[in-house]
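K.L.:
This is the structure, below, for whatever I ask next.
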Amino acid sequence: MRNVVLARVDDRLIHGEVVSVWTPSLSANCILVVDDGVAADKFNVRVLKSLAPEGVKVFVSTTEKAVSGLMKDPVPGEKVIVLTKSPTTYADLVKAGVPIKEVNLGGMGIRGERKPFIKNVAADPAEIEAIEYLRSVGVHVYYQLVPEQALIEVDEALAKAKEE
């Protein structure tokens, strides 16, 4: 598998926190955005590529293509940040055999059926189910806005969401 240094859910994808904090703190030199809708929109793809820090390659992929891309042998020196808008995408990747060990929940805004879940994260029922699935197969799912902050485990938030 490619050398993934961060698998993050953030519905803003490439933005200030990713560009100015996460990428340099992890010495990442590649960002993979996995989102079927964004991958189909050539304008959005161009915008995302223009937002990357200098020297960082950006790839935008469908979930299906990301599976085969992530399963390739690591490239020496490559450090990849994977970004998705929803934990459901990570559940799909894991179900397809991608051995993701950790998923960082970043900004997931309130919209549609999303309700507050933990800190800056809102989740809808399908996303909560995806987080539960990831946890059930041993994926460490946690909230951490930026690297300087302590990470917060999601287990308590999951239990609370199931009660509601």
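The values are calculated or read from the model by the stated rules, or taken from the named source; none is laboratory data. Keep in mind that this is a model prediction, so the values were computed, not measured. Using ideal geometry, Cβ is built from the backbone for each residue, glycine included, and neighbour counts are taken over all protein chains shown. Areas reflect the complete protein model, heavy atoms only, side chains present, ligands, DNA and RNA absent. Shrake-Rupley method; radii C 1.70, N 1.55, O 1.52, S 1.80 Å.
K.L.:
Among the listed pairs Lys72/Lys95; Lys57/Lys115; Lys42/Lys85; Lys95/Lys160, which are separated by more than 27 Å between their Cα atoms?
P.N.:
In this structure, Lys57/Lys115 lie more than 27 Å apart at Cα.
K.L.:
Stretch Val137-His15 to full length: gain in nm at 0.36 nm per residue minus the Cα-Cα span?
P.N.:
40.9 nm
K.L.:
Here is a further query. About its Cα centre, what dipole magnitude does the chain give when the only charges are +1 on Lys and Arg Cβ and -1 on Asp and Glu Cβ, stated in debye to the nearest 20?
P.N.:
Dipole about the Cα centre, nearest 20: 480 debye.
K.L.:
Compare the Cα positions of Val94, Leu83, Val67 along the charge dipole of segment 37-118 (+1 at Cβ of Lys, Arg; -1 at Cβ of Asp, Glu; about the Cα centre) and return the one farthest towards the positive end.
P.N.:
My answer, from the dipole projection, is Leu83.
K.L.:
Let me ask something else about it. Which FRET efficiency value, to the nearest 0.05, do you get for Asp36 and Leu151 by plugging their Cβ-Cβ distance into 1/(1 + (r/R0)^6) with R0 = 35 Å?
P.N.:
Efficiency computed from Cβ-Cβ geometry: 0.80.
K.L.:
At 1.4 Å probe size, with the rest of the protein present, what percent of the exposed accessible area of the chain is carbon and sulfur atoms? Before the final figure, lay out the partial values.
P.N.:
Working: 4420 of 8420 Å².
Of all accessible area on the chain, carbon and sulfur atoms account for 53 percent.
K.L.:
At q = 0.13, 0.14, 0.15, 0.19 Å⁻¹, work out log10 I(q)/I(0) for the chain with the Debye formula, treating every Cα as an identical point scatterer and leaving solvent out; two decimals please.
P.N.:
The computed values of log10 I(q)/I(0) come out as -0.58, -0.68, -0.78, -1.28.
K.L.:
Ignoring everything except DSSP H segments at least 4 long, calculate the 222 nm mean residue ellipticity for the chain; use -39,500 (n - 2.57) per segment, divide by total residues, nearest 500.
P.N.:
On the way: 7 runs with 56 residues, N = 164.
Taken over the chain, the calculation gives -9000 deg cm²/dmol.
K.L.:
Rounded to the nearest whole Å², what accessible area per residue is found for the chain with the 1.4 Å probe?
P.N.:
Dividing the accessible area of the chain by its residue count gives 51 Å².
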